[in-house]
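Below you'll find the structure, written out as structure tokens, and then a few comments.
Laboratory data are not the source of any read-out in this text; all were calculated from the coordinates shown. What you are looking at is a predicted structure, and each value in this text was computed from that prediction instead of being measured. Backbone-built Cβ (ideal geometry, glycine too); neighbour counts: all protein chains shown.
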Amino acid sequence: MRTAARLVLIAAVALLAGCETVQSMWGGGPRATANLQPTKGSTVRGTANFEQRGDKVRVVANVSGLRPNSEFGFHVHEAGDCSSGDGMSAKGHFNPFGKPHGHHGSGERHAGDLPSLKANKEGRANIQTDLDVITLAPGPASIIGRGLIVHADPDDYKTQPTGNAGARIACGVIQAS
């Protein structure tokens, strides 16, 4: 009987720990999502989920249809408009504070500068990162209603103002969820 009771207690603790992990992962803060659709001539598609966690935003994205074993620029753009067919209606990188384009980990960068996507041998990329500067709350740094773009080439994190990331191969609109 003691062994059975111990097993039940261990299972209950594990289950509660799992619930706490899920709640802390997606618990409490404002959320948003973007459904990435291919631009003309592309097959790239995916989803990105955003959650406000204090002064940071957790970004979790899954993208498929990419060139295998390659890297791709990934940015929040100014306009939540994917109507042009080539992603250009999303305008330039989201940059409410007038900063130069740069690496997502530096202080001097566009608010919309995200880490690059790295595709595996099947052409899929998954990313999970926490970012400062952007927010899901109302204000100048809010990404709600903005565009999310996957570019055809890697971001060099230097070329102004685009990072030389090439054509836009997928576009989505970030919407509160």
Lysine pairs in segment 29-176 with alpha-carbon atoms under 19 Å apart, 8 or more places apart or on different chains: how many are there?
5
Given labels modelled 7 Å from the Cα in the Cβ direction, how far is it in nm from Asn62 to Thr159?
3.2 nm
Residues whose modelled amide H sits under 5 Å from the amide H of Ile169, counting only those 5 or more places away in sequence or on another chain, are Val150, His151, Ala152
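Using a 10 Å cut-off around each Cβ, can you sort Asp113, Asp132 from fewest to most neighbouring Cβ atoms?
Working: Asp113 29, Asp132 14.
With the fewest neighbours first, Asp113, Asp132 line up as Asp132, Asp113.
At a 10 Å Cβ-Cβ cut-off, how would you order Thr159, Thr135, Thr129, fewest neighbours first? Intermediate results must be reported in sequence, preceding the final value.
Details: Thr159 11, Thr135 21, Thr129 15.
By the 10 Å Cβ count, ascending: Thr159, Thr129, Thr135.
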Sorted by chain and number, the residues with a modelled amide H under 5 Å from that of Arg53, at a separation of 5 or more or across chains, are Arg58
If I model segment 15-171 as equal point scatterers sitting on the Cα atoms and use the Debye formula, what is log10 I(q)/I(0) at q = 0.10, 0.17, 0.19 Å⁻¹?
-0.34, -0.96, -1.18
For Ser142, other-chain or 5+-apart residues with amide H closer than 5 Å (H placed, Pro excluded) are Thr135
Net charge dipole size for segment 29-176 [Lys, Arg +1 and Asp, Glu -1 on Cβ; Debye, nearest 20]:
280 debye
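Could you compute the net charge surrounding Phe97? Neighbours are other residues with a C-beta less than 14 Å from the C-beta of Phe97; K and R count +1, D and E count -1.
Values: positive: Lys99, Arg109; negative: Glu78, Glu108, Asp113, Asp132.
Computed value for this residue: -2.
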Want the number for Gln175 to Ser89: 0.36 nm per residue separation, take away the alpha-carbon distance, what's left?
29.3 nm
In nm, what is the difference between 0.36 nm times the number of residues separating Gln128 and Thr43 and their Cα-Cα distance?
28.4 nm
In whole Å, largest first, the alpha carbons of segment 100-176 cover along the principal axes 38, 27, 21
Per-residue HN-Hα couplings for segment 115-129 [Karplus 6.51, -1.76, 1.60; θ = phi - 60°; Hz; x = Gly/Pro]
x, 5, 8, 10, 7, 8, 5, 8, x, 10, 10, 10, 9, 9, 8
